[in-house]
Amino acid sequence: MYWKASRSIIVSMAVVLVWSSALPGAILEPDPYPDIRPRRTDYVREWYIFYDSKTDGILNPGDTQISCMENWWTPVSASTQHNYNRRPGEASGDDHYSAPYSFRDPSTEAYWMNTDDGEANTISFYMSYSHWDNHDYTDMTTPEFVGKDATEQARLQQRNMYRNGWAMGWVNNDTHTSGVAGSVKMDIYIHDGRLVDPSVDYIGGTTGTSRSNPQVSLSNDIQWTYNAPAGEELRPPDYNTVGGVEVGYDWNLNEPYYYANEIEFDDVVASMEVREVDPTDPTDLLKDHAIWGNRTPAKIAATLTDGHGNPYLYQDAVISRDGTNYDDGAPYPTDEADGGVIAGLGGFDDYDPSDPDQLLVKWGDQQVIRIDFDYETFTEGEINSVKFFDFGQNDPAIQIDPIVLEIFADASGQLWWNGVALPENRIYIAREADLPEPGTMLLLAFGGLGVLCRRTVRRRRVK
């Protein structure tokens, strides 16, 4: 199967989209859904990229900003826009490809990630905002709930209510021609990604509650459910929390919405190569299989504090691994692309780096995504760089003409940026920060600090 010759678009919940035509010079964007909650006013944000200069496993003063990027937005769900589903003719054991797209008109004006050699042999990251995920599932009057009994409605809420906010997706892509090209071994930890905000501003002057809990909404190589028709999205089960305690992928809390029986559920969970794990349990997978066992969330919470003196917490953890061997990364297929999506990122931000007083105490009051890459990811396969896509372009190129930040790996698997080796191959994506060196904080307290989005990256052509 040669995936570049065919791209399919899945329209979430069978809703038909209508696309607008804009006048020359206007900001061109896809039309939002007309019958659900409007987009929040800050649906496009800047996200700051750092490396771990202090080499301690948390983003804090002394770490170095690389660049920043803006997210795209989409009317469909965060998992749908990753474009990862069962194609006609595929058997259960086949691999499945991804072709994420940011679009205005999916037939004529779309940016498809990882569809040419210029984006091959990379792990490519993007941030997105899904209008569909943010429409909120507390309102049982939407068409999706009509005709469903209370049990089905409750399960729909469980699956969808906490996906407000933003999503982070990535694609593993290669140009190898035979056999499995390699694997991606990656740990993702999220600080302050969970958020219930009762007073979010939405377009049109309305306000409402935004509920977020980071969760895997798409996993590469996941098995589809039994007897699923071609074209069905490959949906991972929920990672369940009961009374604030994480219980993992639990059959009783997932059935029967997508899974016919417990055997099928267990098969689907076992096939997931991107999965959530308990970040704080020292006996869980991270104890023996984390890339950096001395910097797991449990170790961090026991040794490091935020700006207020409280333990620094990573409340969520996601790993990319082989489905049966947690010492190995997730294999990526031949001449194709796959990846994953984490939805429900609340985008928490109670930190203003332009305020000198906050630099000293509030730098931990923001959402931070920490990404650790194993060196073998870049030495035992075709992948040789990491890319971040910035969709913050001037009109009318918004969403289809990104700038790309590329971080290269050397022969030993070490990542480099601008002549600097990234300590422990670690990168952070922060909500908003321009962290100073500790020795400059006193000077900044007198002179102030403006937030700078340094886009020291190369430009890509419009396709």
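The values are calculated or read from the model by the stated rules, or taken from the named source; none is laboratory data. Quantities reported herein were computed from a predicted structural model and do not represent experimental measurements. In this analysis, Cβ positions are derived from the backbone assuming ideal geometry, glycine residues included, and neighbour counts consider all displayed protein chains. Please note that ligands, DNA and RNA were not included when accessible areas were found on the heavy atoms of the full protein model with its side chains. Shrake-Rupley method; radii C 1.70, N 1.55, O 1.52, S 1.80 Å.
Rolling a 1.4 Å probe over the heavy atoms of the protein chains gives region 245-377 an accessible area of 37 Å² per residue.
Test of understanding: what is the full-extension gain from ASN310 to ILE263, defined as 0.36 nm times their sequence separation minus their Cα-Cα distance? Don't skip to the answer; put the middle values down first.
Values: separation 47, 0.36 × 47 = 16.92 nm, distance 4.26 nm.
12.7 nm is the gain from fully extending ASN310 to ILE263.
Using alpha carbons only, the radius of gyration of region 241-350 set against its Kirkwood radius gives Rg/Rh = 1.01. Ranked by the mean number of other Cβ atoms within 10 Å of their residues, highest first, the peptides 306-318, 57-69 come out as 57-69, 306-318. Would you mind classifying region 307-393 by shape? Square roots of the alpha carbon gyration tensor eigenvalues, ordered a ≥ b ≥ c; an a/c under 1.5 is rounded, otherwise it is prolate if a/b is larger than b/c and oblate if not. Prolate shape, in that a/c is at least 1.5 and a/b is the bigger ratio.
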